[in-house]
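Take a look at the structure below.
The values are calculated or read from the model by the stated rules, or taken from the named source; none is laboratory data. Everything quoted here is computed from the prediction, not taken from an experiment. Glycine gets a Cβ as well: all are built from the backbone with ideal geometry, and neighbour counts include every protein chain shown.
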Amino acid sequence: MVRWLAAAAAVLAFAAGTLASAQTAEDVHAAERARFSFGELRHGASGTPTDANAANSDEAKVGPFTLPPLFAGSTPPTQEQWNQRRAELARLVEDNWVGRIPEVVAQFKVVWRKEPVEARRGAKTEQWIGQVIAPDGRMGPTIDAILTFPVKAANAPALIDYTYIWPGGRTPNFGRPPPPDGVAMALARGFTHVAYRPQLLQADNAGQMQQGVIGLARWPREKTDWGALRAWAWGASQLREEMARDPRINASRISLQGHSRFGKGVLVAAAFDHAFADANVSSSGAGGAKLMRRDFGERWENMASSGAFHWFTPNIMDYARGDRTTADLPVDAHTLIALRAPRPLFITSGVAAKGDAWVDPTGMWQAERAAQPAWLLFGSTVPTSAMPKAGSDEDALYTLGWYQHTEGHIPWPGYEEFFEHEARFAGSQTSLLQLEEAGKRLQARQSRTQADPVTAEPARL
């Protein structure tokens, strides 16, 4: 495993080095601005409180805003009418947020190679590499994942965990508490853990966008073409389909998990592919589950900048220029979330005071609440009380779940709650998770909660 990670990091470093002289993120950003006549864009907010353009972190300064409606009329639609409305909303989300997948991608082939690799005791580990091939025979990038199976896996649930590859093999500083062994947690619950490496399919850098699956499909991009979030999601769906053919895996219980920028990616994947059983969307913030009309933390202009626009369709820049703002957006985060209805979804966050203010936890909770009417159409119950206190499981007990842990910009304090959510709504025996048992676990966790703040600055993903 260590050797594989080192090799993958070396590949990314080599690609970054050899391509830097040919094209930079700024080059691609400028080219798309010119091609689509977007011109100069407004600058995004700064994360430094003393800067003149510092991001707002004061609830009193958020200001009023109006969200675009989920439903076309004043009365809730029928389920059949919602299916039509959902298709309309999906196209709006594509054209103004995540982008459309070019039609040629439906003709791409993925040829899989599966090799055993060194495994921990009590498990079996394989590396799956899916070579993407265009219809004209051009070889593209690969869909790459490390699957760790329980040693006697048969029809086991699986968790596709969007996993970072850090250049140079460096270890990021996430702050405290230290991360648990995510693979061991999954194995202990009978899951197959899948470390999916999206950056090997589509690099997390606009300067390398052409070398990924996006460039294989079409280059340069058209105005409403896909970005990295949608490309990563496409890869996750291809991986899910291949996993579903393996008798060791339960095809109906393949779920997703991702944090920060990968939280955005997981939300997009779950919204457009209902075959995923559940999804843990951790601290996804702007461009993910955060309401973009709400001026708190990161702004739309940050997403449209040269450092982040590659995640989205080029058309996001239209709302960061001149007098065009997020108030002109025909959708917002609640629309993206609602595309998942009626399937299980779990949105998580840390607390602002410990380092998660940038992703606007309250704005994500408000988006989750604004999306609830789509689940109500299918008979799901939804919470109606105020935003729960951090550490409370109150809103985690619903199909569209919300959980705010008591730490900062880290995902693992919410892992246990997500496994419970998956078992409750995707598992075959919901009786395993009675509310009384969940309450006992909550009391135990609260008794262990420490009141002192995080002292380390967490990594920004």
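Results, tabulated for the structure shown:
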| quantity | calculated |
| --- | --- |
| Residues (under 11 Å from residue 109 (Cα atoms), surrounded by fewer than 18 Cβ atoms within 10 Å (Cβ to Cβ) and in contact (Cβ under 8 Å) with a residue 12 or more places away in the chain) located in the stretch 120-142 | 131, 133, 134, 135, 138 |
| Exclusive hit being touching a His at 6+ places or on another chain (Cβ under 8 Å) and on the phi < 0 side of the Ramachandran plot, set 205, 250 | 205 |
| Residue ID - nearest to residue 265 (Cα to Cα), chosen from residues in the stretch 218-232 that are part of a helix (DSSP H, G or I) and not charged (D, E, K, R) | 229 |
| In the stretch 327-382, the residues that are over 20 Å from the mean Cα position of the chain (by Cα) and on the phi > 0 side of the Ramachandran plot | 379 |
| Per-region count, the stretch 93-117, residues in a loop (DSSP other than H, G, I, E, B) and either modelled with pLDDT under 95 or of a type in the set (Val, Ile, Thr) (or both) | 1 |
| Subset of the stretch 59-76 that is in contact (Cβ under 8 Å) with a residue 40 or more places away in the chain, part of a loop (DSSP other than H, G, I, E, B) and not polar (S, T, N, Q) - its residue that is surrounded by the fewest Cβ atoms within 10 Å (Cβ to Cβ) | 63 |
| The lone exception for residue 316 - which of (1) buried (at least 22 other Cβ atoms within 10 Å of the Cβ); (2) assigned to a loop (DSSP other than H, G, I, E, B) it fails | (2) |
| Selection within the stretch 79-113 - farther than 22 Å from residue 213 by Cα, surrounded by fewer than 17 Cβ atoms within 10 Å (Cβ to Cβ) and touching a residue at least 40 places away in the same chain (Cβ under 8 Å) | 79, 92 |
| Top-ranked residue in the stretch 35-58 [being among the hydroxyl-bearing types (Ser, Thr, Tyr) and either part of a loop (DSSP other than H, G, I, E, B) or touching a residue at least 12 places away in the same chain (Cβ under 8 Å) (or both); ranked as farthest from residue 360 (Cα to Cα)] | 37 |
| Residue within the stretch 268-287 that is outside any helix (DSSP H, G or I), β-branched (Val, Ile, Thr) and within 18 Å of the chain's Cα centre (by Cα) present | yes |
| Flag for residue 367 being assigned to a helix (DSSP H, G or I), touching a helix residue (DSSP H, G or I) at 6+ places or on another chain (Cβ under 6 Å), closer than 22 Å to residue 186 by Cβ and modelled with pLDDT of 95 or more | no |
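Table: residues versus (1) within 23 Å of residue 343 (Cβ to Cβ); (2) out of contact with any Asp or Glu (no Cβ under 9 Å at 6 or more places or on another chain); (3) touching a residue at least 24 places away in the same chain (Cβ under 8 Å).
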position	(1), (2), (3)
216	no, yes, yes
221	no, no, yes
230	yes, no, yes
238	yes, yes, yes
245	yes, yes, no
255	yes, no, yes
258	yes, no, yes
261	yes, no, yes
